[in-house]
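Worksheet for the structure shown next.
The values are calculated or read from the model by the stated rules, or taken from the named source; none is laboratory data. Please read these numbers as outputs of a predicted model, since none were measured by experiment. Cβ coordinates were reconstructed from backbone atoms using ideal geometry, including for glycine residues, and neighbour counts include every protein chain displayed. Please note that ligands, DNA and RNA were not included when accessible areas were found on the heavy atoms of the full protein model with its side chains. Shrake-Rupley method; radii C 1.70, N 1.55, O 1.52, S 1.80 Å.
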Amino acid sequence: MAEKRDITVIGGGVTGLATAWALLRDGHNVTLTERHRDVGQEASFANGGQLSYRYVRPLADAGVPQDAISWLFRSNSPVSLRLRADPHQWRWMLAFFRACNAATNHKNSNILLDLALRSQAGLSEWRADGLKDFLWRRPGKLVVYRSKKNFLKARGGVTDPERERVLSPSECADVEPAFASLSKQIAGGIFSPEDEVADCYRFCESLLDSMSRHSLFRRIHGNASLSTGEGGQCLMRIDGRIHDTDLVVLAAGISSRQLVRPLGFDLPLYGLKGYSLTHQPRIDTMPDVSVTDYDNRVVYARLGDTLRIAAMVDIGTRNMRPDPRRIASLRSLAAAALPEAGPYDAAVPWAGMRPATPDGVPVIARTRWHNLLLNVGQGALGFTLSVGSALKVCDLVAGARPAVHDKV
Ligand SMILES: Cc1cc2nc3c(=O)[nH]c(=O)nc-3n(C[C@H](O)[C@H](O)[C@H](O)COP(=O)(O)OP(=O)(O)OC[C@H]3O[C@@H](n4cnc5c(N)ncnc54)[C@H](O)[C@@H]3O)c2cc1C
């Protein structure tokens, strides 16, 4: 075990909570600071619920720039773009388009797959050690492709046919009968039987519950800030008061960029707004496996007796509230794909900001401040990658060489 240290984690979303729990399990004294009274109130609240360990391709891919042009003119578009006079937005988008090539996507998919599989193994261990129920299941995940081009591309990317089964439209209907009416509209699907689903907010609660019973854990409700200290250290404050700690782990989601600004560096993070609907349809109308309708970029997951539907990427909006037009689009996409599982008018809307890097790879790194580590930028896969990212932070604390990013 590494030398025991006093470590403070900033951010009580799924990334920060998983990090705090992993560090506690390693024997450190851990303080978690969160600005909301409750944990999991931002991006981790009502996300898609998919623990998508096998399908981890970053959004930046060859062909996406062409698709993006058609998306801009489509109602119900998976992506909406509002250009701003904001150099950070332009820099981020430029870096995103640079990452849109097959070689970069392949390299980054492999990095994410390693992290995701480590997450899956880690979560299994944590569950076995007695985490409170968070509606976890392993029903597998089916990605259905409407476009033949996208299906053939995905089929070509399958490296482990046992764990990613290529299915015809009728086989997709056998795997998930709730979507059978779609089979005439799809080219095929890929089924990953080992993928999981769970409720991210309940997972946050369950981690907090386990930590709260631990003698080495302390939780502080307050707003954290960082500034330059002496001797290559950064100084941490909570609600303006200096907070003494050996090491700070920054896991504050999209706000992490603002937090490091006083230190004089920038993080390549941009908020990609997304939406979800949650409702309780009749149990026999709900899909059992989790489903991604790839061309519409809509995901469906049954969480206990509720159905969670999540989708869409809005770039350039700062408003955190659900946009009624996008919510109406999501209701109509869901009603067309899964008509029996309505009524969708009653579904509760939600919006959150994915803390995204342009190439989709999170920043889990040391910094030039000896006492500051980063665990940010998990983007569209933050729930899936939370445990693996946390374990990587433990490696860094223990002095291992980082595999994801070196110093920032
Ligand atoms: C619509 C949608 C669907 C998604 N679906 C999936 C999915 O199916 N599977 C998946 O794996 N991922 C999914 N994601 C992505 C996932 O939800 C995010 O990547 C993840 O929640 C990010 O977690 P986080 O802890 O990094 O950030 P957050 O959850 O945003 O947590 C950051 C925390 O830091 C706190 N904080 C910020 N600043 C300060 C400060 N100064 N002081 C103290 N506290 C501070 C905030 O209050 C917040 O609680 C989805 C996201 C969206 C929006």
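Tabulated data for the structure shown
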item: Residues that are over 25 Å from Val64 (Cα atoms) and of a type in the set (Ser, Thr, Tyr), drawn from segment 128-182; result: Ser170, Ser181
item: Residue match in segment 347-361 (condition: surrounded by fewer than 21 Cβ atoms within 10 Å (Cβ to Cβ) and modelled with pLDDT under 95); result: no
item: Among the residues listed as Leu259, Leu207, the single one being open to solvent by less than 10 Å² (accessible area, probe 1.4 Å) and modelled with pLDDT of 95 or more; result: Leu207
item: Residue count, segment 230-255 (criterion: open to solvent by 40 Å² or more (accessible area, probe 1.4 Å) and part of a strand (DSSP E or B)); result: 4
item: Sole residue being of a type in the set (S, T, N, Q) and at pLDDT below 95, chosen from Asn150, Asn108; result: Asn150
item: Looking only at segment 32-44, and only at residues there that are more than 7 Å from the ligand (Cβ to nearest atom) and open to solvent by 10 Å² or more (accessible area, probe 1.4 Å), the one that is nearest to the chain's Cα centre (by Cα); result: Asp38
item: Test for Gly342: is it of a type outside the set (A, V, I, L, M, F, W, C), open to solvent by less than 40 Å² (accessible area, probe 1.4 Å), touching a helix residue (DSSP H, G or I) at 6+ places or on another chain (Cβ under 9 Å) and within 12 Å of the ligand (Cβ to nearest atom); result: no
item: Evaluation of Ala335 against (1) open to solvent by 20 Å² or more (accessible area, probe 1.4 Å); (2) assigned to a strand (DSSP E or B) (one fails), failing number; result: (2)
item: Flag if Leu24 is among the aliphatic types (A, V, I, L, M) and within 15 Å of the ligand (Cβ to nearest atom); result: no
item: Residue, surrounded by the fewest Cβ atoms within 10 Å (Cβ to Cβ), within segment 139-185, restricted to residues that are in contact with a Pro (Cβ under 8 Å, 6 or more places away or on another chain) and assigned to a loop (DSSP other than H, G, I, E, B); result: Arg163
item: Complete set of residues in segment 281-295 that are touching a residue at least 60 places away in the same chain (Cβ under 8 Å) and open to solvent by 20 Å² or more (accessible area, probe 1.4 Å); result: Asp288, Tyr294, Asp295
item: Subset of segment 1-17 that is among the hydrophobic types (A, V, I, L, M, F, W, C) and within 11 Å of Gly40 (Cβ to Cβ) - its residue that is nearest to the ligand (Cβ to nearest atom); result: Val14
item: Filter result for Ser227 (among the hydroxyl-bearing types (Ser, Thr, Tyr) and in a helix (DSSP H, G or I)); result: no
